Amino acid sequence: MTSSTVRKLRVLLVDDEESIRSVMGKEIKRMGHDVTLCEDGESALPVIESNSFDAAILDLRMREVSGWDVFEKIREVAPETDVVINTGHGSMDDVVRALRDGAYDFLRKPVQLYEVAAILGRIAEKKTLENKTIALESRLKAVEGETQLVGNSAPMSRVKTLVEKIAPTDSTVLILGETGTGKELVARRIHEVSLRAEGPFVPVNCGALPESLVESEFFGHRKGAFTGADQARKGLFEVANGGTLFLDELGELDKAMQVKLLRFLESGEVRRLGENEPFHVDVRVVCATNRHLEEMVDEGKFREDLFFRVNTFEIHLPPLRERTGDLPLLAQHLVSRKLKRPLEQCDLITPDAMEILLEHDWSGNVRELANCMEHAVVLSGGEQIEPDHLPASLTRGSSRSGGSPLAFSGTKTLREIEMDVILHVLEKHGGDKPKSASELGIALKTLYNKLNQYEARRAAG
């Protein structure tokens, strides 16, 4: 883990001895953490209700509201907080009881500061691993392993050079390009060769998030913050702490969330829904869009100040039709990935099949090519790929003509006919959802909702 990814903790210190609060408060700050001081248990309870902490150091023996009461409150409203008990009475019974109830560790007065530093260091490592686990869970459907930017054409060579220069910095990056050109791959590559490579890479599709839950997804929420918030949840910015957050389809964010994103980029602070105090996270933001943000600024749909803030560096990804010289290598690479064989064993595309690939216009870019090669590999049984192994839309040239008309069965329901139209338009545009939504005359979020409903019906049989 590099120094840039050391976890900064939010620590609550509750002790009724002013001298201990003063010394430990200063030392915990010196260790690089944020600390909130409470002089007794009574003052700590409302602080716990309205804020979240990574760790809490509690004096057990206090007047009125004891450390046990504070401990119970933390277990109730913030079970993700690691509690360290601090007792000066030498009672091992207290220690055993606290550890049995879920305390992380204990300290004995007089406290040794190196012990505090060691315990907080272990908690920081634990939180970092927890965030990595959450981030990995969000990537279960993604292709793992080192990301490769395939292609030696002049446009791709420029992209690779920019990535290598930009990656070691912490600057924000805006990746521009049509749908299917590989914007997430470029973002992932930037992360992998950056100083944050050991931290999490967290991708999020802004266009696929329900409007009512966008803020909670980004910043997290407190238990009970809104109806249905049955437990506290970390937001994506917090999950990406120490790493990179990739915001795809940035242009789909509404103006309210644009303001909140700008505030984060300027301050590095987030605040969970239902909490009063913000906290700092160390996150690099990489954005991507297939939309023309400058035009959206002129139309009043995208904030100009946010536009200037996210495009410190711009990377323009060329469409596949502008780098057809890369297509043979790309196709072979995709075959290799599907078959899980070394690249040199995957030169399977016959000249006739390659000619068809080179003549296609690839409106869906690399994503469409990937679907095509998966189709061909399955039909060829992993052997030589002939023209008749390619999708029919390529061999009959339907991509250039717009495809064959749909034929509807009289036995289909209106919902089924609607989905046939949607899937046909998606295929026509190579999976490009914004283009498909535009042709269908519906909002992008409506298209996502209909596709999600379709998948749910299929799963239900």
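Here's the yes/no breakdown for (1) assigned by TED's automatic domain parsing to the domain that holds Ala225; (2) of a type in the set (Lys, Arg):
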position: Phe279; (1), (2): yes, no
position: Arg284; (1), (2): yes, yes
position: Glu295; (1), (2): yes, no
position: Asp298; (1), (2): yes, no
position: Phe302; (1), (2): yes, no
position: Glu322; (1), (2): no, no
position: Arg337; (1), (2): no, yes
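Only residues in the range 448-461 that are at pLDDT 75 or above and part of a helix (DSSP H, G or I) count as the first member; pair them with residues that are surrounded by 12 or more Cβ atoms within 10 Å (Cβ to Cβ) and of a type in the set (Val, Ile, Thr), Cβ under 9 angstrom, at least 6 apart or cross-chain, and list the lot.
Lys450/Ile422; Lys450/Ile442; Leu451/Ile422; Tyr454/Ile422
Read through the list (1) within 35 Å of the chain's Cα centre (by Cα); (2) surrounded by fewer than 14 Cβ atoms within 10 Å (Cβ to Cβ), then give the number of the only condition that Glu49 fails.
Against the list (1) within 35 Å of the chain's Cα centre (by Cα); (2) surrounded by fewer than 14 Cβ atoms within 10 Å (Cβ to Cβ), Glu49 comes up short only on (2).
Against the conditions (1) among the charged types (D, E, K, R); (2) under 23 Å from Thr128 (Cβ atoms); (3) touching a Ser or Thr at 6+ places or on another chain (Cβ under 9 Å), where does Lys8 fall short? Just the number, please.
Going through the list (1) among the charged types (D, E, K, R); (2) under 23 Å from Thr128 (Cβ atoms); (3) touching a Ser or Thr at 6+ places or on another chain (Cβ under 9 Å), Lys8 breaks only (3).
Of the residues Arg97, Arg75, Arg7, Arg21, which is at negative phi and in a loop (DSSP other than H, G, I, E, B)?
On the way: Arg97 fails: in a loop (DSSP other than H, G, I, E, B); Arg75 fails: in a loop (DSSP other than H, G, I, E, B); Arg21 fails: in a loop (DSSP other than H, G, I, E, B).
Just one listed residue meets the conditions, Arg7.
Identify, please: which residue in the range 334-390 is outside any helix (DSSP H, G or I) and among the hydroxyl-bearing types (Ser, Thr, Tyr) and is, among those, farthest from Asp432 (Cα to Cα)? Reasoning before the result, please.
Residues of the range 334-390 outside any helix (DSSP H, G or I): 340-342, 346-350, 360-364, 381-386, 390.
Cutting the leftovers down to among the hydroxyl-bearing types (Ser, Thr, Tyr) gives us 350, 363.
On the way: Thr350: 28, Ser363: 9 Å.
It comes out as Thr350.
Name the single residue that is farthest from the chain's Cα centre (by Cα) among those in the range 24-38 being in contact (Cβ under 8 Å) with a residue 60 or more places away in the chain and in a helix (DSSP H, G or I).
Met24
Look through Leu236, Leu265 and report the one residue that is surrounded by fewer than 20 Cβ atoms within 10 Å (Cβ to Cβ) and within 28 Å of Leu185 (Cα to Cα).
On the way: Leu236 fails: surrounded by fewer than 20 Cβ atoms within 10 Å (Cβ to Cβ).
It is Leu265.
Criterion first (under 27 Å from the mean Cα position of the chain (by Cα) and in contact (Cβ under 8 Å) with a residue 60 or more places away in the chain) does Leu265 satisfy it? Explain how you work it out, then say what you get.
Working: under 27 Å from the mean Cα position of the chain (by Cα): yes; in contact (Cβ under 8 Å) with a residue 60 or more places away in the chain: yes.
The answer is yes for Leu265.
Can you name the number of the only condition in (1) surrounded by 15 or more Cβ atoms within 10 Å (Cβ to Cβ); (2) more than 20 Å from the chain's Cα centre (by Cα); (3) not aromatic (Phe, Trp, Tyr) that Asp305 fails?
Asp305 satisfies every listed condition except (1).
Taking the options Lys338, Lys260, name whichever one is over 20 Å from the mean Cα position of the chain (by Cα) and either of a type in the set (D, E, K, R) or under 27 Å from Arg158 (Cα atoms) (or both).
Numbers: Lys260 fails: over 20 Å from the mean Cα position of the chain (by Cα).
When all the criteria are applied, what remains is Lys338.
Which of the residues that make up the range 80-103 are farther than 18 Å from Asp15 by Cα and either aliphatic (A, V, I, L, M) or in contact (Cβ under 8 Å) with a residue 24 or more places away in the chain (or both)? If you could, list the steps in order and put the result at the bottom.
Our first condition is that a residue be farther than 18 Å from Asp15 by Cα; within the range 80-103, this holds for 80, 92-93, 96-97, 99-102.
Answer for the range 80-103, where residues must be farther than 18 Å from Asp15 by Cα and either aliphatic (A, V, I, L, M) or in contact (Cβ under 8 Å) with a residue 24 or more places away in the chain (or both): Glu80, Met92, Val96, Leu99, Asp101, Gly102.
Can you find, within the range 378-395, the residue that is nearest to Glu359 (Cα to Cα) among those that are out of contact with any strand residue (DSSP E or B) (no Cβ under 7 Å at 6 or more places or on another chain) and among the hydrophobic types (A, V, I, L, M, F, W, C)?
Step one: filter the range 378-395 for residues out of contact with any strand residue (DSSP E or B) (no Cβ under 7 Å at 6 or more places or on another chain), giving 378-384, 386-395.
Right, trim to among the hydrophobic types (A, V, I, L, M, F, W, C) and you get 378-379, 390, 392, 394.
Details: Val378: 22, Leu379: 21, Leu390: 13, Ala392: 14, Leu394: 9 Å.
Across the range 378-395, the extreme among qualifying residues is Leu394.
Those residues that are of a type in the set (Asp, Glu) and either closer than 23 Å to Gly224 by Cβ or not assigned by TED's automatic domain parsing to the domain that holds Leu113 (or both), I need them from the range 45-85; list them, please. If you could, list the steps in order and put the result at the bottom.
Within the range 45-85, the subset of a type in the set (Asp, Glu) is 49, 54, 59, 64, 69, 72, 76, 80, 82.
Within the range 45-85, Glu49, Asp54, Asp69, Glu72, Glu76, Glu80, Asp82 qualify.
Name every residue in the range 164-175 that is more than 18 Å from the chain's Cα centre (by Cα) and either surrounded by 13 or more Cβ atoms within 10 Å (Cβ to Cβ) or assigned to a loop (DSSP other than H, G, I, E, B) (or both), in order of residue number.
Scanning the range 164-175 gives Ile166, Pro168, Thr169.
Within the range 27-39, does at least one residue satisfy the condition of being under 19 Å from Arg222 (Cβ atoms) and touching a helix residue (DSSP H, G or I) at 6+ places or on another chain (Cβ under 6 Å)? Break it down into steps so the answer makes sense when it comes.
Our first condition is that a residue be under 19 Å from Arg222 (Cβ atoms); within the range 27-39, this holds for 34, 36, 38.
Next cut, touching a helix residue (DSSP H, G or I) at 6+ places or on another chain (Cβ under 6 Å) only: 38.
For the range 27-39, residues under 19 Å from Arg222 (Cβ atoms) and touching a helix residue (DSSP H, G or I) at 6+ places or on another chain (Cβ under 6 Å): present.
Quick check: anything in the range 217-239 assigned by TED's automatic domain parsing to the domain that holds Cys287, outside any helix (DSSP H, G or I) and modelled with pLDDT of 90 or more? Show your work before the answer.
Taking the range 217-239 and keeping what is assigned by TED's automatic domain parsing to the domain that holds Cys287, we get 217-239.
Next cut, outside any helix (DSSP H, G or I) only: 220-235.
After this cut, where a residue has to be modelled with pLDDT of 90 or more as well, the list is none.
There is no residue in the range 217-239 that is assigned by TED's automatic domain parsing to the domain that holds Cys287, outside any helix (DSSP H, G or I) and modelled with pLDDT of 90 or more.
Inside the range 182-216, can you point out the residues that are under 17 Å from Asn290 (Cβ atoms) and surrounded by 23 or more Cβ atoms within 10 Å (Cβ to Cβ)?
Gly182, Lys183, Val186, Ala187
Just to be sure before I move on: is Ser212 on the phi < 0 side of the Ramachandran plot, among the polar types (S, T, N, Q) and touching a residue at least 40 places away in the same chain (Cβ under 8 Å) in the structure I sent? If you could, list the steps in order and put the result at the bottom.
Working: on the phi < 0 side of the Ramachandran plot: yes; among the polar types (S, T, N, Q): yes; touching a residue at least 40 places away in the same chain (Cβ under 8 Å): no.
Spelling it out, it is not the case that Ser212 is on the phi < 0 side of the Ramachandran plot, among the polar types (S, T, N, Q) and touching a residue at least 40 places away in the same chain (Cβ under 8 Å).
The values are calculated or read from the model by the stated rules, or taken from the named source; none is laboratory data. It should be emphasised that the depicted structure is a prediction, and the values quoted were computed from it without experimental measurement. Virtual Cβ from ideal backbone geometry, glycine too; neighbours counted across all protein chains shown.
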